[in-house]
Amino acid sequence: MALLDLIGISKAYETQKILTNVDFSLHEGERVAIIGKNGGGKSTLMKIVFGVLEADEGRRILQKNVKVGMLDQTPRFKEGMNVKEAIEEELKELKTARLRYEEVIKTLEHDYHNEALLAEQAQLVTFLDLHDAWSLDEKIEQVLQEFDLKQFEHSDVNLLSGGEQRRVTLAGLILQKPDILLLDEPTNHLDVYMVEFLEQIILKSKFTLLFISHDRYFIDHLATRTIEIDDGNVRSFEGGYENYLTCKELLILSLQKQHENLLKYLKGEEEWLRRGVKARLKRNEGRKQRVFELRESSKKNPSLVRKLKLELEREKHNFNGEKIINKQKMLFEMYNIDKKLGNKLLIKDFSTRILQKDRIAIVGKNGAGKSTLLKILLGDMSVDAGKFDKGEFKVGYFDQQRLMLDDNKNLIETFCPNGGDRVDVKGKNLHVFGYLKDFLFPKEDLNKKIGILSGGEKNRVALALLFSQEVDCLILDEPTNDLDIPTINILEEYIQSFGGAVIFVSHDRYFVDKIASKLYVFKGEGIIEESFQGYSEYLEIEKEIKELDAMESAQEASSAEKEEPKAQKMKESVPTKLSYKEQRSLETLPLQIQTLEDEIIAIKKCLEDPECYQQIGLMKLSQNLEEKEARLEPLIEGLLEIEEKVEMMQRG
């Protein structure tokens, strides 16, 4: 069912056409990615879908009672509100519904034939089911932990950084679970672990989603459909980024020869994707199968778990490349360096060498010290202990604040500070426009002041300026932020053709996989792990090691439990009283279970009646049945546990 339709939508800003006669529908359960050049209309389309921007022509049709929620780029919060309160504020409607549900249940215990209350109870159950709102407190706690907001739980939300405030807004919006969720660059300001959590919660909660992202793995993992906005038109492709590449190549093959450069990029991108990602996935599948096979055996033989962990740790650091250290110029050498900021230890006893052709990605959680290492390499910060040596060479630096740009200068003045309109790039003397068109700037932008450009356009200028310099080493801090996918591909092409070392901080897994030959992984508490794995593969192994750690801990706990004297164990396990939560559950669970069982019986009857299931839809009924049966089992288990506890208390 289409929750929203746009019919014949057109939008222009002054003389610039952004969208031309666009048709678009968003169906329940779809996850649609929007891609295209910055300034091409992605955010415009999303704002029209949200309803905060009027189209010049066309119609927006939103189904009755469908709620649309959008991630605010500039969040606003009430004065004096802390982080937890800000998230709870977004969930006010759900919390009110939950409280009302409990009131209705309590009243029905004494007035169980009240038809009005029974109807209200059914409506509340449907609403709470739809928004997955049965355990909000636990979910709030989870997002505080996963989005690294727990440390700010009681802090004034208005005093947080812009990125932290966006995480607060994202957490509230996800838990609110609107009927249609709109996300504009949701992975900005999230580290790779937060992105992974976001992917999991979106998939688990079955959102209907429309999102803009330059994170190609994020698109591939989530999108059921990808739409591209190009020259005011919208093209739709089934699936995620990989399928988009395949379909786009076929589309371009059918067009004129003028598209040869784009075709070349697509072939190169697809070849890399097939060669690198498919091979890695195949290896991961084999490794996962090994984990699954050994899990059962490990219950009988704990040494197998330790053996597999050792294998995975070794694989994380394995490097089969040619050792050419002695043939390359040494740029940086660090020996047992330490660095603290305040009382926080960011780097501890770290040693490494960086050579002239290294491609190094610095990765890890936000706040772990990645930017601090960049500052040490740039000479902006000294080490507290250990030895740090830097050779004689030129460094080109790309920073997130774009300090190399002057807002009062136009593009020609920026690239030709001494006059003229030509620039030297890699030994070639080029006209400024001839160079800048590679970075997607039209000729009419040459006289624009830097200050009036968008964040993404400024990043393109900064990158173009950086690659016009004669340097031996590039140091890049989050270079893909605010860039569209076409510009990221230009960046990748320039980096791959660059003859010197490249050291960069990034959370973009696809970008890291494609560019880096070595990782510096910030693990926290000052530990930096050096790895020659692809980043996605490293993360897979890291996850498997955590699973094995959990298995090992469970085995140890089980062994310790067996050794405990039985009499002591029985004595300690006899409860004295029920907690308040258990008492409330004992009172409310029987009715919740009965309600669910009645609903399950009704669904099963409908599935047996063609007239009924054709009207509602077999898929929808089956999914509803599966969800309710999944909810019923833990409720029954919970009630049985409490009743068993009551029996033990009665036996003394």
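We did not get these values from a lab; they are worked out from the coordinates using the rules stated. On a predicted model such as this, the values are computed, not experimentally measured, just so you know. Counting neighbours? That spans all protein chains shown, and the Cβs are built from the backbone with ideal geometry, glycine included.
Details
- A DSSP coil position with no more than 16 other Cβ atoms inside 10 Å describes the following GluC sites (Glu not before Pro) in region 36-80: Glu54, Glu79.
- Take the Cβ atoms of Ser579 and Asp230, set R0 to 35 Å, and the FRET efficiency comes out at 0.05.
- Taken along the Cα-to-beta-carbon direction at a fixed 7 Å, the label points for Met381 and Lys64 span 5.9 nm.
- Once the Cα-Cα distance is subtracted from the 0.36 nm per residue extended length, the Glu153 to Val646 segment shows a gain of 173.8 nm.
- Above-threshold pairs, the threshold being 30 Å between Cα atoms, out of Lys370/Lys443; Lys42/Lys518; Lys204/Lys604; Lys37/Lys620; Lys78/Lys339: Lys370/Lys443; Lys42/Lys518; Lys37/Lys620; Lys78/Lys339
- Two-site label geometry, Lys204 and Lys394: point separation in nm, points 7 Å out along Cα→Cβ: 5.2 nm
- Here's the list of aspartates and glutamates a cross-link from Lys348 could span, going by alpha-carbon distance under 19 Å and ignoring same-chain residues fewer than 8 apart: Glu333, Asp338, Asp380, Asp384, Asp389, Glu525, Glu529, Glu530.
- Relative protection proxy for 586-595, 533-542, from highest mean packing down: 533-542, 586-595 (other beta-carbon atoms within 10 angstrom).
- Once the chain from Leu118 to Asn343 is taken as fully extended at 0.36 nm per residue, the excess over their C-alpha distance is 75.2 nm.
- Under the convention that each Lys and Arg Cβ holds +1 and each Asp and Glu Cβ holds -1, the size of the dipole of region 325-538 around its Cα centre is about 260 debye.
- Virtual spin-label span in nm between Leu403 and Ser622, 7 Å along Cα→Cβ: 5.9 nm
- Listed residue pairs exceeding 22 Å between alpha carbons, taken from Lys340/Lys365; Lys390/Lys514; Lys95/Lys581: Lys390/Lys514
- Straight-line cross-link partners of Lys375 among the aspartates and glutamates, defined as a Cα under 12 Å from its Cα and at least 8 positions apart when in the same chain: Asp399, Asp477.
- Stretching Arg76 away from Phe433 to a fully extended chain increases their span by 124.5 nm, per 0.36 nm per residue minus the current alpha-carbon distance.
- Sorting Cys612, Cys473, Cys247 from the fewest to the most surrounding beta carbons within 10 angstrom yields Cys612, Cys247, Cys473.
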